[in-house]
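One structure is given below, encoded as structure tokens.
The values are calculated or read from the model by the stated rules, or taken from the named source; none is laboratory data. The structure displayed is predicted, hence computed values, not measured ones. Methodologically, a virtual Cβ is constructed for each residue, glycine included, from the backbone with ideal geometry; neighbour enumeration extends over all protein chains shown. Accessible surface areas use protein heavy atoms only, side chains included; no ligands, DNA or RNA. Shrake-Rupley method; radii C 1.70, N 1.55, O 1.52, S 1.80 Å.
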Amino acid sequence: MTGDPREFLRALFDKAVEAADPMRSLAAFLPEKPEGRVVVIGAGKASARMAEAVEAEWGPCEGLVITRYGYARHCRGIEIVEAAHPVPDQAGLDTTKRMLDLLDGLGEDDFVLALISGGASALLIAPFEPITLAEKQAVNSALLASGAPIGQMNIVRKHLSQVKGGQLAAAAYPARMLALLISDVPGDDPASIGSGPTVGDASTADDARKILDHWRIDQPNSVSRVLSTGNGVLPPDAPELARTENRIVAAPSQSLEAAAGLVREAGYRAEILGDALEGEAREVAKHHAALALDRQSRMQPGDQPLVLLSGGELTVTRRGDGIGGPNAEYALALALALGGKPGIRAIACDTDGVDGAAEVAGALIDAQTMKRAGALGVDPQAALDRNDAHSFFGKLEDQVVPGPTLTNVNDFRAILIEPA
């Protein structure tokens with residue numbers, strides 16, 4: 001192959017991010033600006049960029065959007081507020097209350113445009129009383145460390161919140177609402193994106209309680225009380241949701257297809273393993289290593305390189321005290337499973353630019369990763385055991401640090417395989 005393989009892998013990641021940029025994808029789903037009062041609201045890591053795209057089409061708008069620290073964009077009318085992610089903070093709590101106040105009193109002739117993307121679960125924060133912010137933070141942190149799938153985490157979040165599970169849309173009723181969504185969840189279920197603030201949900205408080213019990217999450221008395229008395233999550237057929245329409249404007253599949261197109265332009269073969277992969281990062285890595293080795297064993301000298309592409313949302317069960325995230329942990333486990341096999345390289349990154357809670361998207365690996373680690377005196381297995389993948393790749397200078405990408409369609413993985 002010609003060129004630098006690592007640069008090629010990074011170009012695939014950049015292409016995937018570019019395909020999910022709201023400035024490229026949102027306008028096609030935006031109607032003509034309605035007559036009368038129009039209010040724009042939003043939450044998520046891509047929401048400020050989405051707001052910027054809206055004003056590029058509609059001009060200055062009234063509105064309020066919450067995004068992650070560092071992800072703000074300049075808008076002429078829409079106010080952008082930054083708050084904490086993945087664990088919520090007081091700024092998110094205060095801004096969510098202001099958003100609910102903005103929606104209060106709207107009439108059926110008014111129009112609300114909601115901009116929702118991954119990260120909204122933590123940024124849009126309004127716990128049911130008597131749950132305090134500190135208690136909500138503790139439950140959220142425990143869920144993140146438990147290894148629970150994102151769908152189960154979101155069920156719990158919905159049943160402890162006054163805005164998730166369709167309740168944000170209900171707060172705007174009887175106004176008409178169009179919700180534009182960027183999917184970061186396996187399967188692209190609108191009810192799961194940002195814990196579905198504009199989408200009803202059939203789950204129950206008892207489901208949430210069982211999830212907390214299964215993952216052994218400590219429940220403060222206030223949480224137990226809320227889950228035992230019920231809450232405001234709306235069923236999908238609730239009348240308050242009848243005037244809300246939800247549309248997905250960007251999804252993981254589009255980013256994988258964009259990357260696959262770049263692979264083919266280079267004259268290589270592309271195989272998409274799926275855009276909705278879930279599971280423990282280190283276990284998925286072992287499976288992908290076996291796939292890569294099998295594909296390579298079938299290649300003949302002179303065959304075109306093959307790229308295995310995948311997306312979804314992997315999880316990490318926190319066992320140690322290190323610094324890591326699902327993509328870096330996947331990359332480290334993949335490197336260990338491949339054992340320095342020549343001709344196989346990979347990249348694993350989160351498309352929002354943040355893997356776990358670190359300002360690092362992920363990492364690159366190749367046949368020299370283990371050898372260079374040994375030369376530096378860095379033990380890869382010990383790093384994996386401590387969930388310390390970010391520190392490991394930091395020492396090797398193999399981290400991918402793009403900064404805020406202003407979008408979020410979750411994990412992106414590419415494994416480049418050449419004949420042995």
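The table that follows gives values for the structure above.
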quantity: Chain lengthening between Ala91 and Arg269 when straightened (0.36 nm per residue, less Cα-Cα); calculated: 59.4 nm
quantity: For the range 24-94 and the range 361-391, distance of Cα centres in Å; calculated: 38 Å
quantity: Peptides 383-391, 246-254, 31-39 ordered by average Cβ neighbours within 10 Å, highest first; calculated: 383-391, 246-254, 31-39
quantity: Extension gain (nm, one decimal) between Arg298 and Glu245, 0.36 nm per residue minus Cα-Cα; calculated: 14.2 nm
quantity: Largest-first principal axis extents, alpha carbons of the range 1-53, Å; calculated: 58, 20, 11
quantity: Mean accessible surface per residue for the chain, computed with a 1.4 Å probe while every protein chain stays in place, in Å²; calculated: 38 Å²
quantity: Spatially near lysine pairs across the chain, Cα under 15 Å, sequence gap of 8 or more or different chains; calculated: 7
quantity: Cβ-placed point charges (K, R +1; D, E -1), dipole of the range 145-205 about Cα centre in debye, nearest 20; calculated: 220 debye
quantity: P(r) histogram, all alpha-carbon pairs of the range 265-420 included - 10 Å bins from 0, percent; calculated: 12, 43, 35, 10, 0
quantity: Ordering of 276-287, 120-131, 41-52 by burial proxy (mean other Cβ atoms within 10 Å per residue, highest first); calculated: 41-52, 120-131, 276-287
quantity: Ala202 versus Asp321: modelled label distance in nm, points set 7 Å from Cα along the beta carbon direction; calculated: 4.6 nm
quantity: Packing rank of 137-148, 164-175, 262-273, where each peptide gets the mean count of other beta carbons within 10 Å, highest leading; calculated: 164-175, 137-148, 262-273
quantity: Viscosity 0.890 mPa s, 25 °C: Kirkwood-radius Stokes-Einstein D of the chain over Cα pairs, µm²/s; calculated: 112 µm²/s
quantity: Backbone HN-Hα couplings from phi across the range 245-256 [Karplus 6.51/-1.76/1.60, Hz, Gly and Pro as x]; calculated: 10, 10, 10, 8, 9, 7, 8, x, 4, 5, 5, 5
quantity: The range 222-306 - Rg over Rh from alpha carbon coordinates, Kirkwood radius; calculated: 1.24
quantity: The chain - share of DSSP beta bridges that are antiparallel (%, nearest 5); calculated: 35 percent
quantity: The chain - charge dipole about Cα centre, Lys and Arg +1 at Cβ, Asp and Glu -1, debye rounded to 20; calculated: 800 debye
